[in-house]
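This report refers to the structure that appears directly beneath it.
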Amino acid sequence: MLVPVSAPTLCLSGYALKFSQSDSVFLQTESGEFSKNDVIRPFSRHHALLSNSSPSSKVLLHFVNQSGTQMSVTATEGESLLNVVINKNLQIDGFGACEGTLGCSTCHLIFDESVYERLEPAADEEMDMLDLAYGLSKTSRLGCQVIVEPWMNGMTVRVPQGVKDQRATQEAKNEQ
């Protein structure tokens, strides 16, 4: 039995996806409680909708790293661009340090304008983190928040020349 929640909720066996007003989704257990060790990752509603889609298609993507080297990989529809980089072991220095928890901005990517305009809108949490990213552009997004879709086949994304890990910046401030 699930604990009643005030926000719209999708119930799964033993878990619930709770949709917040800030357009984020959180995993909730039957008890409604999270232990200190539980990892709760916010992600957009779009992520949740894709997770139940029909069989995933393969999508060819091109990443250009900090040194200008282009790396082409085949990704699976429904995975984040961060997971593509990690799963394909792409050589992008410092990429995805927080593992997709919206805590660092190291998975910052720059898109062509025509691609950027087709992406799902960024949530407020992502925009807040992007404001702190190195080399921010008007077509910047975090790779942990962008999900591979079939229309992206052949897309090229660029990694900024530098990386700014917000966790390290915050730790330095706390030590002062």
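Determine, from the Cβ-Cβ distance of residue 99 and residue 151 and an R0 of 41 Å, the FRET efficiency 1/(1 + (r/R0)^6), rounded to the nearest 0.05. Mind showing how you got there, number by number?
Working: r = 27 Å, r/R0 = 0.65.
Efficiency at R0 = 41 Å is approximately 0.95.
Roughly how big is the stretch 58-158's charge dipole about its Cα centre, with Cβ charges of +1 (Lys, Arg) and -1 (Asp, Glu), in debye to the nearest 20?
Working: 6 positive and 14 negative charges, 92 e Å.
For this selection, approximately 440 debye.
With unit charges on the beta carbons (Lys and Arg positive, Asp and Glu negative) and the dipole taken about the Cα centre of the stretch 58-158, which residue among 69, 134, 80 sits farthest to the positive side?
69
All of the numbers you see were taken from the coordinates with simple rules; none came from a lab. Everything numeric here is computed off the predicted structure, so don't read it as measured data. In this analysis, Cβ positions are derived from the backbone assuming ideal geometry, glycine residues included, and neighbour counts consider all displayed protein chains.
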